[in-house]
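**Student:** Pasting a structure below so you can have a look.
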Amino acid sequence: SATAQVVHSAGRKFIVSPVPESRLKEH
Amino acid sequence: AEDTGVRVELAEEDDGKKASIALKLWVEDHKKLKGKYKETGAIEFTFDLEKDVPEVVSQEMVESGFFHESDAKIVGKSIRDRVALIKWRRERTASSIV
């Protein structure tokens, strides 16, 4: 999966993922 | 609102009770993202409506390597605007119940 998880030293978890093409075309 | 290329949305249904809520940040302008995150478009995170400060979260994103320091302000403002809207909606819902 292209989804990745990054945890900052302060403890907050960031889940990063690619945006589907279709989503970008909406705007 | 001005177009910052950064949008923040709810990543879950707001039940109006939890202080901690999942938010999703969409980056429309990929140039804002750094290095290996250039292909990334969405960053999901949990925000505590009572304790968290949008600018602190945006700084954490910069420190985590997602954004350039120069974009910390834009990201922080985008989060702040969304959080303000969530709080406003909650207040409105609460007052309509009363």
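**Student:** For residues that are surrounded by fewer than 20 Cβ atoms within 10 Å (Cβ to Cβ) and in contact with a helix residue (DSSP H, G or I) (Cβ under 9 Å, 6 or more places away or on another chain), scanning just the range B:42-51, find the one that is farthest from A:PRO18 (Cα to Cα).
**Tutor:** Among residues in the range B:42-51 that are surrounded by fewer than 20 Cβ atoms within 10 Å (Cβ to Cβ) and in contact with a helix residue (DSSP H, G or I) (Cβ under 9 Å, 6 or more places away or on another chain), the one farthest from A:PRO18 (Cα to Cα) is B:LEU49.
**Student:** Just a yes or no: is a residue in the range B:6-16 surrounded by 15 or more Cβ atoms within 10 Å (Cβ to Cβ), over 11 Å from the mean Cα position of the chain (by Cα), at pLDDT 90 or above and outside any loop (DSSP other than H, G, I, E, B)?
**Tutor:** no
**Student:** On the basis of being at pLDDT 95 or above and over 14 Å from B:VAL62 (Cα atoms), does B:THR46 make the cut?
**Tutor:** yes
**Student:** Looking only at the range B:21-41, count how many residues are surrounded by fewer than 19 Cβ atoms within 10 Å (Cβ to Cβ), more than 11 Å from chain A (Cβ to nearest Cβ) and either part of a loop (DSSP other than H, G, I, E, B) or at pLDDT 95 or above (or both).
**Tutor:** Going through the range B:21-41 one residue at a time, the tally reaches 1.
**Student:** While we're looking at this one, here's another question. Just to verify a result, which residue in the range B:56-98, among those that are polar (S, T, N, Q) and more than 13 Å from the chain's Cα centre (by Cα), is surrounded by the most Cβ atoms within 10 Å (Cβ to Cβ)?
**Tutor:** The extreme case among them is B:SER64.
**Student:** Under 7 Å between Cβ atoms, which residue pairs at least 6 apart in sequence (or on different chains) link something in the range B:25-51 that is over 14 Å from A:VAL6 (Cα atoms) with a partner that is acidic (Asp, Glu) and surrounded by 18 or more Cβ atoms within 10 Å (Cβ to Cβ)?
**Tutor:** B:LYS32/B:ASP71
Condition check ((1) touching a residue at least 60 places away in the same chain (Cβ under 8 Å); (2) among the basic types (Lys, Arg); (3) touching a Phe, Trp or Tyr at 6+ places or on another chain (Cβ under 9 Å)) across all residues:
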{"site": "B:GLU55", "(1), (2), (3)": "no, no, no"}
{"site": "B:GLU60", "(1), (2), (3)": "no, no, yes"}
{"site": "B:SER64", "(1), (2), (3)": "no, no, yes"}
{"site": "B:PHE67", "(1), (2), (3)": "no, no, yes"}
{"site": "B:ASP81", "(1), (2), (3)": "yes, no, no"}
{"site": "B:LYS87", "(1), (2), (3)": "no, yes, no"}
{"site": "B:ARG90", "(1), (2), (3)": "yes, yes, no"}
{"site": "B:ALA94", "(1), (2), (3)": "yes, no, no"}
{"site": "B:ILE97", "(1), (2), (3)": "no, no, no"}
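The values are calculated or read from the model by the stated rules, or taken from the named source; none is laboratory data. Just so you know, these numbers come straight off a predicted model, no measurement behind them. Cβ atoms come from the backbone with ideal geometry, glycine included; neighbour counts cover every protein chain shown.
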